[in-house]
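The values are calculated or read from the model by the stated rules, or taken from the named source; none is laboratory data. Just so you know, these numbers come straight off a predicted model, no measurement behind them. All Cβ positions, glycine included, derive from the backbone under ideal geometry; neighbour counts span all protein chains shown.
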Amino acid sequence: MNSVDNSTESPRAPQLAARLGLFDATMIVMGGIIGSGIFINSYVVARQVHTPALILGAWVIGGVVALFGAFIYAELAARLPKAGGQYAYLREAYHPALAFLYGWALLLVIQTGGMAAVAVTFAKYLRVLVAVPLSDASVAAIVLAGLAIINCLGVRADSAVQSALMILKILAIGALVVIGLTSAAPAASNVFSRPILDRPVSLDLLTAVGAALTPVLFAYGGWQTANFIAAEVREPSRNLPRALVLGVIGVILLYLAVNFVYVRVLGPSGLAASTTPATDVMQRALGAAGAKFIALGITISTLGFLSQCVLTAPRVYFAMAQDGLFFRSVAWVDPRHHVPAVAILLQAVAAMVIALAGRYEQILNYVVSMDFIFFGLTATCLFVFRRRDSSSADNGRATPGQYRAPGHPYTTFVFIAISWFVVANTIYKYPGNTLAGMGILLAGVPVYYIWKWRNAARS
């Protein structure tokens, strides 16, 4: 009988390394949610609803919806702790074509346009702090390139940067809350004793609340990106669900505290009139020094958000390439640092191109509808996997003691319904932008079949 000489076998290809713990994963969840929006965009809510109860209520509802989403994604992460997160769930629950369309939309619309916009915001606020002899777009490109290089040095290196920036974000938000409460005079002594509703219960009120929820839900988005790096989290079936729930709860508390301060100091009408509420609160409290402080806080927050994006999203393109639905080189893992370096550079270069071309504002018009379509679709995967629980051979089968989404199927139904309500509302209010986004999404269908054909031809 001939023996097999194992020494002649080709060495195993480098793999992603599980180096992130619960704290790292929690910081990544929070970092994916908190960008610059909480410092700036609360005025959009106050322009739709006009009483303290409705303004803060919108943030409470948004937080509850985000928590329901975290419950769903926590169970999905426990069932399928694989690189790519949503991509892997859609592939296993439905079809690789649907998963590919998600990755396609992520690269061309959802992630890249958002990263370009946030990078330009970083540049604008950096300019408030220091003299910068470059354009905002050039600074944006430089910071994206720098974060990509850090990420290529290993997931631990970027996670350390991400965690440090997230702690600084929390400190900046905490300072805003404390200073706003102790050093800024309230807009009126009875601001929180006003009526709950600003108009009679009617379709008009429902539409206004829906319009207010759209920016709120968008502000709470981003927790799902932590699932992209499931393969790099230690004990992902245990640590990632905990990180999702803890991270989202932490953000809810921060967001409610900040908006309470905005309403207290500026009042509902003042908040609606201010496009920079955080700056206005700090100016009232500390003058010009307060404005500088909040500019520093926004700079740190945007940098932390970008760090999280550069860390997480490339894992989707890596998973697509592993499945033969993207360039093979994108699945390459650096043997020294165990990161998908080509995928990281691809995401960074795409965002840099959009920032330098100044096209990010147009792409952002499509982001909300695309993001929430896939939020709802991914949540439906939980129903598919629960149905498969009786078959031990199926991917996505639960194991004894595994995390289970609280309140399912009711919480899951609510999350899906609200996600698709946002999509419907966006189509109604911005039909041109939404149709353009849908066109980009549908353009991925023939691309998927081209990649399938290429993959079949190779084999």
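In contact with a Ser or Thr (Cβ under 6 Å, 6 or more places away or on another chain) and either in a helix (DSSP H, G or I) or without any contact (Cβ under 8 Å) to a residue 12 or more places away in the chain (or both), is that true of I249?
Criteria not met by I249.
Please verify whether P268 is in a helix (DSSP H, G or I) and in contact with a His (Cβ under 6 Å, 6 or more places away or on another chain), treating the condition exactly as stated.
yes
Filter the range 195-212 for residues that are part of a helix (DSSP H, G or I) and touching a residue at least 40 places away in the same chain (Cβ under 8 Å) and give the result.
A208, V209, G210, A211, A212
In the list I55, I38, which residue meets the criterion of being more than 22 Å from A231 (Cβ to Cβ), of a type outside the set (G, A, S), at pLDDT below 90 and crowded, with 23+ Cβ neighbours inside 10 Å?
Being more than 22 Å from A231 (Cβ to Cβ), of a type outside the set (G, A, S), at pLDDT below 90 and crowded, with 23+ Cβ neighbours inside 10 Å holds for just one of I55, I38, which is I38.
Given the residues I150, I167, I110, which is the only one that is under 29 Å from G324 (Cβ atoms), among the β-branched types (V, I, T) and in contact with a helix residue (DSSP H, G or I) (Cβ under 9 Å, 6 or more places away or on another chain)?
Of the residues listed, the single one that is under 29 Å from G324 (Cβ atoms), among the β-branched types (V, I, T) and in contact with a helix residue (DSSP H, G or I) (Cβ under 9 Å, 6 or more places away or on another chain) is I110.
From V60, V4, V44, grab the single residue that is surrounded by fewer than 23 Cβ atoms within 10 Å (Cβ to Cβ), at pLDDT 95 or above and farther than 20 Å from Q308 by Cβ.
Answer to the check: V60.
Taking interchain pairs and intrachain pairs at least six residues apart, which have beta carbon atoms under 7 angstrom, with the first residue in the range 126-153 and within 14 Å of V353 (Cα to Cα) and the second part of a helix (DSSP H, G or I) and not aliphatic (A, V, I, L, M)?
Between residues of the range 126-153 that are within 14 Å of V353 (Cα to Cα) and residues that are part of a helix (DSSP H, G or I) and not aliphatic (A, V, I, L, M), the close pairs are D136/K124; A140/F122; V143/F122.
Residue by residue, here is whether (1) surrounded by 16 or more Cβ atoms within 10 Å (Cβ to Cβ); (2) over 22 Å from Y87 (Cα atoms) holds:
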position	(1), (2)
A417	no, no
V423	yes, no
Y428	no, yes
P431	no, yes
A436	yes, yes
P446	no, no
A457	no, yes
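Taking V233 as meeting all but one of (1) more than 27 Å from A74 (Cβ to Cβ); (2) buried (at least 17 other Cβ atoms within 10 Å of the Cβ), write down the number of the exception.
It fails just one condition, (1).
Quick one: count up the residues across the range 258-275 that are surrounded by fewer than 18 Cβ atoms within 10 Å (Cβ to Cβ) and under 27 Å from the mean Cα position of the chain (by Cα).
Matching residues across the range 258-275 total 1.
Does V281 satisfy the condition of being surrounded by 24 or more Cβ atoms within 10 Å (Cβ to Cβ), more than 23 Å from the chain's Cα centre (by Cα), assigned to a helix (DSSP H, G or I) and not polar (S, T, N, Q)?
For V281, the condition - surrounded by 24 or more Cβ atoms within 10 Å (Cβ to Cβ), more than 23 Å from the chain's Cα centre (by Cα), assigned to a helix (DSSP H, G or I) and not polar (S, T, N, Q) - is met.
Applying the selection to the range 88-114, what residues are at pLDDT below 90, among the hydrophobic types (A, V, I, L, M, F, W, C) and under 17 Å from G221 (Cα atoms)?
V109, I110
Could you grab me the full set of residues in the range 211-250 that are among the polar types (S, T, N, Q) and touching a Gly at 6+ places or on another chain (Cβ under 6 Å)?
T225, N227 - these are the residues of the range 211-250 that are among the polar types (S, T, N, Q) and touching a Gly at 6+ places or on another chain (Cβ under 6 Å).
From (1) touching a Gly at 6+ places or on another chain (Cβ under 8 Å); (2) of a type outside the set (S, T, N, Q); (3) under 15 Å from C381 (Cα atoms), pick out the condition that doesn't hold for I72.
In the conditions (1) touching a Gly at 6+ places or on another chain (Cβ under 8 Å); (2) of a type outside the set (S, T, N, Q); (3) under 15 Å from C381 (Cα atoms), I72 misses (1) alone.
Residue under question is G85, and the condition is that it be buried (at least 24 other Cβ atoms within 10 Å of the Cβ) and at pLDDT below 95; does it hold?
Judged against the criteria, G85 is a match.
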